[in-house]
Amino acid sequence: MRLSSGRSGFRLIETLVVIGLSAVIGVSLLSSFVMGMKVWRRTASPDFVHRKAILGLEKLSRDLRSVYDYPDIGFTGGTTAVSFANIDKDRIWNVSYFYSSDDKCLYRTRLSLEAGNSTSEPKEEKIICSVEGASFSYSSFNNDTKVFDFLDGWNYALNGIPRAVKAEINLKDDKNVTKIITIPVAQ
């Protein structure tokens, strides 16, 4: 025999299950939001920009260490740009790094110089953004003082390839990341 009171509604156990499931979903949503905020703070921090600057200089270092003495391209440089021939994967590339003050980014372009096809479109990539400036200087031996100096510009036709390049990235809060990169082919 079944007893029925004629009432309809939620039982206590059903109510507790719904509250428990809602709590689990709420906690998972809240933890996802908190983790997202931590990632956002970390990427917006000056330490993150500093690490990106170091990684960008490592990419420049790798390219400069594989400079190739190729007269058609040479090696030219100014305070905010440098261009040189590079060998990568058995191909000669015209590689350039330049700083754009418009969007505060350091860029890298590569143009392949395949046999008979030097008109291809250069590939441009942003190396690092949110920097206040980037500058390059070039190592030269001064015959008068018998010491190495860093010059603001470089001309391949006059001097060949420099022995080293000093790259400096200026970050916010007057912090700088500087690296002197030796060029093996010029030693």
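Readers should treat all values here as calculations from the given coordinates under stated rules, not as data from a laboratory. This structure is a prediction, so every number in the text was calculated from the model and none was measured. When we count neighbours, we look across all protein chains shown, and the Cβ atoms used for this are built from the backbone with ideal geometry, even at glycine.
Descriptive notes on the structure:
- Between Lys126 and Leu12, the modelled labels are 6.0 nm apart [label points 7 Å from Cα along Cα→Cβ].
- Note on the chain: along the principal axes its Cα atoms extend 112, 44, 29 Å, ordered by decreasing extent.
- Fraction of alpha-carbon pairs over 17 Å apart in segment 87-179 - percent: 63 percent
- 18 Å reach of a label modelled at Asp88, 7 Å along Cα-to-Cβ, counting backbone N of segment 119-138: 119-129
- Residue order, fewest to most beta carbons within 10 Å, for Ser28, Ser140, Ser83: Ser28, Ser140, Ser83
- The C-alpha atoms of the chain define a longest principal axis, and helix 46-65 lies at about 40 degrees to it.
- Taking trypsin sites (Lys or Arg not before Pro) across segment 141-174, the ones in a DSSP loop with at most 14 further Cβ atoms lying within 10 angstrom of their Cβ are Lys146.
- In the chain, helical runs assigned H by DSSP with n ≥ 4 each contribute -39500 (n - 2.57); averaged across all residues and rounded to the nearest 500, the mean residue ellipticity at 222 nm is -10500 deg cm²/dmol.
- Pairwise label distance in nanometres, Thr76 with Phe148, each label 7 Å out on the Cα-Cβ vector: 2.5 nm
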